[in-house]
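The values are calculated or read from the model by the stated rules, or taken from the named source; none is laboratory data. Everything numeric here is computed off the predicted structure, so don't read it as measured data. Heads up, the Cβs are rebuilt from the backbone with ideal geometry, glycines too, and the neighbour counts pull from every protein chain shown. Areas reflect the complete protein model, heavy atoms only, side chains present, ligands, DNA and RNA absent. Shrake-Rupley method; radii C 1.70, N 1.55, O 1.52, S 1.80 Å.
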2 protein chains.
Amino acid sequence: MFISADIIDIASPLILLNTADASALGVSDGERIFITNPKTGKSATIPASVSQTFVKSGTVLLTSGIHPALGISPGDAVEIFPAKRPASLDFIRKKIDGGKLTRPETAAIVSDIANRVLSDAEVTSYITASYINGMDMDEVEYLTREMMASGDTITFSKKPVVDKHSIGGVPGNKITLLVVPIIASSGLLIPKTSSRAITGAGGTADLMEALAPVAFSASEVQQMTEKAGGVIVWGGATNIVPADDVMISCEYPLKINGRGKMLASIIAKKAAVGSDTCVIDIPVGPGTKIADETEGKVLAGQLVDLGKRLGIRVECAITYGGAPIGRNIGVNLEVSEALRILEKKDGFGSLVQKSCAVAGIALEMTGKAASGNGADAAMSLIRNGKALDKMREIIEIQGGDPNVKADDLTFGQFTYDVLSPAEGVVVSVANRALIDVARTAGSPAEHGAGLTLHKKPGETVKTGEPLLTIYAEKEWKLSEAIELCRTTHPVTVSGMLLSRIGAE
Amino acid sequence: MFISADIIDIASPLILLNTADASALGVSDGERIFITNPKTGKSATIPASVSQTFVKSGTVLLTSGIHPALGISPGDAVEIFPAKRPASLDFIRKKIDGGKLTRPETAAIVSDIANRVLSDAEVTSYITASYINGMDMDEVEYLTREMMASGDTITFSKKPVVDKHSIGGVPGNKITLLVVPIIASSGLLIPKTSSRAITGAGGTADLMEALAPVAFSASEVQQMTEKAGGVIVWGGATNIVPADDVMISCEYPLKINGRGKMLASIIAKKAAVGSDTCVIDIPVGPGTKIADETEGKVLAGQLVDLGKRLGIRVECAITYGGAPIGRNIGVNLEVSEALRILEKKDGFGSLVQKSCAVAGIALEMTGKAASGNGADAAMSLIRNGKALDKMREIIEIQGGDPNVKADDLTFGQFTYDVLSPAEGVVVSVANRALIDVARTAGSPAEHGAGLTLHKKPGETVKTGEPLLTIYAEKEWKLSEAIELCRTTHPVTVSGMLLSRIGAE
């Protein structure tokens, strides 16, 4: 059936048909239709929604979640048919029933995920089944290769190409803002794609966006990296491993993060940007994603194995994740903290130590530093100003202002100091509670929102001294963040009264 | 935030917000909002979709999948808040991780399914996890009770109240059209709710709709049953066990039919209509849902156990399901076949035998027939015309024409005889292939479409004699059904050439 296409601005990938047209096609609400745009030659299979009045007969409405894949302009005549049941559903069903998926079966599933042939419900069922029944390393390799093949890939003629990844879960982990300029200033390539915050207070892409645009295509990433040596861009804007974006959005509500899928997701992105050398930061400890060093080592072994299958040398750094990296949480707060180290050409504490340790491993792996000297070599690149120059070059090539200073980044005008109720030693900080306070204050959407942690575990504090300062751009968000602090106690001081039970 | 509500006619339960309003609320695309309508006092929690241009700021659009639950009229001022993460997600997560769900946890999940708080993806994840990890009988009982509690229930002052159920998978299984009038004509109550076809050629509700309206509320079902003794209505139109409708639509794409969920789904509906005596028909054999008698007996034991927990006496009839019941498949074809038995006050073959066997069990369980005499007593009610009179009474009370005759039901004008290519005995018929031919011919949407099977297993046939006749209302659907017959061979005659390989 030929029918006129129109577009509506709704993010969900939906296609809306009039009841009469749906009935003539023999398609019920929720059944898939195959749609082709003769003008662009593009086609897609998507579940249809049916409406009696909202869509007029002879017209099909495509939402912004799907029309770009078809290259549709309003008024285009498109052809629609009832689609066959996708074979990928049978393969998902096989996984539900405990079967092992072959590479062609995995290919069908991943392709149908990336092309939105499968509904969110079907993708979620696949994720749930893979999580419960597990995947062996062959299945993980197939998934990795097919996820990589689901989108654009980059090949560099110059080698080596370095990449880094942090498993996440630790607040304030802004080390990418230091690691990338260090690596690139050593003469290596590092085309870093990052994510935005999902449950955190700011992903690396959110942070970098305070300095420069972060949305680029894969070929732009390649060209910029070839010129500047490195970039820090938002992976979601490229068409690199698009299947992963769909899967991540389906994992989010139920917080499903199966090991096989996690491995594939990490390594597919490294392989897709043409990386051959990769350092992976695995923070362990209370409040992180990985409970302890033993579990961290298992994960590290799996990452090294999968990297080898894909032709990537992987080394993992197991790091302490029980407290924030540095002291600032929130977009501008974190960016200024990182920039200040580059500007001062010096620094101490967890942020600079960890950044140099991670960058140093890459320098050693690629022969840029002798074994055991990587961290020192990284620190030298901060000290001699090369990392700062490189960061300015990266900011400029991404379209930002290369002369930006740490002091240019402003913090929310509404602030509040959380004071210590007791004298003693900070015995612990609660990562999740700190993140929640920063998010409640407005981070990452409001760049000036967040918090500064004045006291970290092991540091002494007097009664009435500030433990942390909360920043917000909106007064009501500050109030909510203060209220949250009262109930969640993000910082624990020895001898502090945690709660009074039975008091009026 | 107070905002003006408007309605759009799209079946999916969606709520659409302008980007600016979503941002002011702090809600991202896909996150849940809590909406209350002060005019009706009703409220709901639903995932929001965000649009920059399609919805104007200050307006919230509700689709027809959700606005009735809020009793909204266009222009109503409603209040919206960001909703808290539903606790039911944590309980689904517990099931994913292999935990056993308590009754309160089950209650939270089922209530959030029925009220559309959970997205289809989240419901599908719950169904997938319950299928893979299984449920013990306590969990099944909790699910049954909570599914029952998710909607309207009926209580009859007069007892016993009979119900029947068929596990399904067998084409042409129109026995409800005979069982209900037989039971009701014996003086018992039978408030039968039925489903429409999902993958079949016609559910009982589709069949009954050829004779009378089938959409009624629970209280109408109660009143009609009290007056006429029985009804045959569409369960989907009542608000009886509404959570099941959502779950069934989520099970459909991946054909997930977990045992625990299947048991709960059956017994919850029987309990909700106030039934205390229930006969369940379990067809077994090739092409049915239950492979063999051994598996049928396990299922029967589980149904009896679950019934006991809910205070319902359940007896199961394990029946032969390897071939269609009767000879006709398709709405008008099946209805006329059943009506003709009542009109003739006689009949032989699988349809009348099975109907009397199932009705007979209920007559014995309730003391209306002596043990071992139930089927004969049922046949007597056909022979003495009481079943026909009762069927007319049921048709009339549901608003149909009580004087309808089997001959009034018309069949599609486009017909085709599939002839036997060989002489011999029919050795098998393929249930699924027969259903697919009837569906392709237009059943159940087109009431005149379907097929008549002239030869059933064990019957002899000559070369060129018709094996079946296909009926369609549209010529192109007849062509497609004929084509399908050529490739799927629904009827196998001994000695028939099944395919020629390598021939040009």
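May I ask you to verify whether B:Ala357 is open to solvent by 30 Å² or more (accessible area, probe 1.4 Å), within 30 Å of B:Thr144 (Cα to Cα) and in contact (Cβ under 8 Å) with a residue 12 or more places away in the chain? Yes. The test for being aliphatic (A, V, I, L, M), touching a residue at least 24 places away in the same chain (Cβ under 8 Å) and open to solvent by 10 Å² or more (accessible area, probe 1.4 Å) does not hold for A:Ile329. Listed by first and then second residue, the pairs with beta-carbon distance under 7 Å, at least 6 apart or on different chains, first residue in the stretch B:110-137 and more than 9 Å from chain A (Cβ to nearest Cβ), second among the β-branched types (Val, Ile, Thr) and assigned to a helix (DSSP H, G or I), are B:Ile113/B:Val123; B:Ile113/B:Val246; B:Ala114/B:Val246. Looking at the stretch A:446-453, is at least one residue aliphatic (A, V, I, L, M), open to solvent by less than 50 Å² (accessible area, probe 1.4 Å), in a loop (DSSP other than H, G, I, E, B) and in contact with a helix residue (DSSP H, G or I) (Cβ under 8 Å, 6 or more places away or on another chain)? Taking every residue of the stretch A:446-453 in turn, at least one turns out to be aliphatic (A, V, I, L, M), open to solvent by less than 50 Å² (accessible area, probe 1.4 Å), in a loop (DSSP other than H, G, I, E, B) and in contact with a helix residue (DSSP H, G or I) (Cβ under 8 Å, 6 or more places away or on another chain).
Consider the stretch A:241-274. How many of its residues are within 14 Å of chain B (Cβ to nearest Cβ) and not aliphatic (A, V, I, L, M)? Full working, then the answer.
Quick first cut of the stretch A:241-274, residues within 14 Å of chain B (Cβ to nearest Cβ) only: A:245-259, A:261.
Subsequent filtering for residues that are not aliphatic (A, V, I, L, M) retains A:245, A:249-253, A:255, A:257-259, A:261.
Counting residues in the stretch A:241-274 that are within 14 Å of chain B (Cβ to nearest Cβ) and not aliphatic (A, V, I, L, M) gives 11.
Applying the selection to the stretch A:469-496, what residues are within 11 Å of A:Val437 (Cα to Cα) and open to solvent by less than 60 Å² (accessible area, probe 1.4 Å)? The answer is A:Thr469, A:Ile470, A:Tyr471, A:Ala472, A:Lys477, A:Leu478, A:Ala481, A:Ile482, A:Leu484, A:Cys485, A:Thr488, A:Pro490.
The set of residues in the stretch A:93-109 that are within 14 Å of another protein chain (Cβ to nearest Cβ) and open to solvent by 40 Å² or more (accessible area, probe 1.4 Å) comprises A:Arg93, A:Lys94, A:Asp97, A:Gly98. The combined condition, being open to solvent by 60 Å² or more (accessible area, probe 1.4 Å) and either within 14 Å of chain A (Cβ to nearest Cβ) or of a type in the set (Gly, Ala, Ser) (or both), is fulfilled by B:Lys84. Can you tell me which residue within the stretch A:332-349, out of those that are of a type outside the set (Asp, Glu) and without any contact (Cβ under 8 Å) to a residue 60 or more places away in the chain, is surrounded by the most Cβ atoms within 10 Å (Cβ to Cβ)? Per the stated criteria, the residue is A:Gly347. Any residue at all in the stretch B:392-412 that is farther than 30 Å from B:Val231 by Cβ and either modelled with pLDDT of 95 or more or open to solvent by 20 Å² or more (accessible area, probe 1.4 Å) (or both)? Checked against the condition, which is being farther than 30 Å from B:Val231 by Cβ and either modelled with pLDDT of 95 or more or open to solvent by 20 Å² or more (accessible area, probe 1.4 Å) (or both), the stretch B:392-412 yields no hits at all. Of the set (1) within 14 Å of chain A (Cβ to nearest Cβ); (2) modelled with pLDDT of 95 or more; (3) open to solvent by less than 20 Å² (accessible area, probe 1.4 Å), all apply to B:Lys164 but (1). Can you pull out every residue in the stretch A:455-484 that is over 13 Å from A:Gly412 (Cα atoms), of a type outside the set (A, V, I, L, M) and touching a strand residue (DSSP E or B) at 6+ places or on another chain (Cβ under 7 Å)? Answer for the stretch A:455-484, where residues must be over 13 Å from A:Gly412 (Cα atoms), of a type outside the set (A, V, I, L, M) and touching a strand residue (DSSP E or B) at 6+ places or on another chain (Cβ under 7 Å): A:Lys455, A:Lys456, A:Pro457, A:Gly458, A:Glu459, A:Thr460, A:Gly464, A:Glu465, A:Pro466. Annotation: A:Met147 fulfils all but one of (1) open to solvent by less than 10 Å² (accessible area, probe 1.4 Å); (2) within 14 Å of another protein chain (Cβ to nearest Cβ); the unmet one is (2). The residue that is farthest from the other protein chains (Cβ to nearest Cβ), counting only those in the stretch B:14-37 that are under 17 Å from B:Ala77 (Cα atoms) and touching a Phe, Trp or Tyr at 6+ places or on another chain (Cβ under 9 Å), is B:Thr36.
A quick yes/no check of all residues on (1) in contact with a Leu (Cβ under 7 Å, 6 or more places away or on another chain); (2) over 23 Å from A:Ser355 (Cβ atoms); (3) buried (at least 24 other Cβ atoms within 10 Å of the Cβ):
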residue: A:Leu188; (1), (2), (3): no, no, no
residue: A:Leu207; (1), (2), (3): yes, no, yes
residue: A:Pro213; (1), (2), (3): no, yes, no
residue: A:Ala218; (1), (2), (3): no, yes, no
residue: A:Ala243; (1), (2), (3): no, yes, yes
residue: A:Gly258; (1), (2), (3): no, yes, no
residue: A:Met262; (1), (2), (3): no, yes, no
residue: A:Cys278; (1), (2), (3): no, no, yes
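If I filter the stretch A:417-428 for residues that are away from chain B (no Cβ under 14 Å), surrounded by 18 or more Cβ atoms within 10 Å (Cβ to Cβ) and closer than 16 Å to A:Leu207 by Cα, do I get at least one hit? No, because not a single residue in the stretch A:417-428 is away from chain B (no Cβ under 14 Å), surrounded by 18 or more Cβ atoms within 10 Å (Cβ to Cβ) and closer than 16 Å to A:Leu207 by Cα.
In the stretch A:108-147, what residues are among the hydroxyl-bearing types (Ser, Thr, Tyr) and in a helix (DSSP H, G or I)?
Passing the criteria: A:Ser111, A:Thr124, A:Ser125, A:Tyr126, A:Thr128, A:Ser130, A:Tyr131, A:Tyr142, A:Thr144.
Considering (1) open to solvent by 30 Å² or more (accessible area, probe 1.4 Å); (2) away from every other protein chain (no Cβ under 14 Å), the lone condition that A:Thr193 does not fulfil carries the number (1).
Conditions tested, residue by residue: (1) in contact with a strand residue (DSSP E or B) (Cβ under 8 Å, 6 or more places away or on another chain); (2) without any contact (Cβ under 8 Å) to a residue 60 or more places away in the chain.
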site: B:Ile33; (1), (2): yes, yes
site: B:Ala44; (1), (2): yes, no
site: B:Val55; (1), (2): yes, yes
site: B:Thr59; (1), (2): yes, yes
site: B:Pro86; (1), (2): yes, yes
site: B:Thr106; (1), (2): no, yes
